[in-house]
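All remarks here apply to the structure that follows.
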Amino acid sequence: MSTSEKTLVLVKPDGVARGLVGEIIGRIERKGYTISQLRMLQADRALLEQHYAEHQGKPFFEPLVEFMLSGPIVALVVEGNRVIEGFRNIAGTTDPTVADPGTIRGDLARDAGTKVTQNLVHGSDSVESAAREIAIFFGGK
Ligand code: IDP
Ligand code: MG
């Protein structure tokens, strides 16, 4: 039985601004996953409100949208067996202060003292989220 999956990864504006796109993509490639689609874009509010719909109404929602609008991002479709879980493991937990060393967030991010946690990357959290998010960023292809 194949467990090959696709996940949506975003390098957030802090990752692009800090010149960490190559480092982050390198970690995904060295882990052995396949990058099947990639684009750099400036997101707009409508796209972000769709992408982060589950967080509407939370106190960090507006700061999150503003942060994600603050500069270009890189969107990738990454493929491999159990890649959804695997990428979230190499990304590390949401709060970079406590993310494990060896993870993207644990090694490369820290508390920036902002209303929204700046943590370099997004990764889909389920098969359903991945399909929904890939459709938002890549038109369902
Ligand atoms: P995830 O990115 O680790 O899946 P989510 O809970 O889906 O985390 O939250 C989306 C993003 O919103 C996080 O990556 C982070 O940037 C921000 N965020 C989440 N929870 C908080 C919070 O409690 N305070 C501030 N920002 C948060
Ligand atoms: Mg999430």
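The values are calculated or read from the model by the stated rules, or taken from the named source; none is laboratory data. As the structure is a computational prediction, the values presented were derived from the model and not from experiment. Here the Cβ is made from the backbone with ideal geometry for all residues, glycine too, and neighbour counts use every protein chain on show.
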Q: Could you check Phe137 against (1) away from ligand 1 (no atom under 12 Å from the Cβ); (2) assigned to a loop (DSSP other than H, G, I, E, B); (3) in contact (Cβ under 8 Å) with a residue 12 or more places away in the chain and say which number it fails?
A: (2)
Q: Would you be able to say whether some residue in the range 31-39 is under 13 Å from the mean Cα position of the chain (by Cα), surrounded by 12 or more Cβ atoms within 10 Å (Cβ to Cβ) and either farther than 14 Å from Val11 by Cα or away from ligand 1 (no atom under 16 Å from the Cβ) (or both)?
A: yes
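Out of Ala91, Ala99, which single residue is within 16 Å of ligand 2 (Cβ to nearest atom), on the phi < 0 side of the Ramachandran plot, of a type in the set (A, V, I, L, M, F, W, C) and touching a strand residue (DSSP E or B) at 6+ places or on another chain (Cβ under 7 Å)?
Values: Ala99 fails: touching a strand residue (DSSP E or B) at 6+ places or on another chain (Cβ under 7 Å).
Exactly one residue qualifies, and that residue is Ala91.
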Q. Do we have Ala43 as within 20 Å of Ala17 (Cβ to Cβ), assigned to a loop (DSSP other than H, G, I, E, B) and under 15 Å from the mean Cα position of the chain (by Cα) here?
A. yes
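Working only within the range 73-107, note down all residues that are part of a loop (DSSP other than H, G, I, E, B) and of a type in the set (Asp, Glu). Lay out the reasoning, then the answer.
Step one: list which residues in the range 73-107 are part of a loop (DSSP other than H, G, I, E, B), which gives 82, 92-103.
Across the range 73-107, the qualifying residues are Asp95, Asp100.
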Q.
Among the residues of the range 108-130, are any part of a helix (DSSP H, G or I), away from ligand 2 (no atom under 14 Å from the Cβ) and free of Cβ contacts under 8 Å to residues at least 24 places away in the same chain?
A. no
Q: For Ile134, state whether it is surrounded by 15 or more Cβ atoms within 10 Å (Cβ to Cβ), more than 14 Å from Lys6 (Cβ to Cβ) and more than 14 Å from ligand 2 (Cβ to nearest atom).
A: no
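Looking at the range 12-60, which of its residues are hydrophobic (A, V, I, L, M, F, W, C) and touching an Asp or Glu at 6+ places or on another chain (Cβ under 9 Å)?
Just the residues of the range 12-60 that are hydrophobic (A, V, I, L, M, F, W, C), to begin with: 16-17, 20-21, 24-25, 28, 35, 38, 40-41, 43, 46-48, 53, 60.
Passing the criteria: Leu20, Ile35.
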Q | Unmet criterion (only one of (1) in contact with a His (Cβ under 8 Å, 6 or more places away or on another chain); (2) in a helix (DSSP H, G or I)) for Leu10 | A | (2)
Q. Modelled with pLDDT of 95 or more and touching a helix residue (DSSP H, G or I) at 6+ places or on another chain (Cβ under 7 Å): does that describe Val98?
A. no
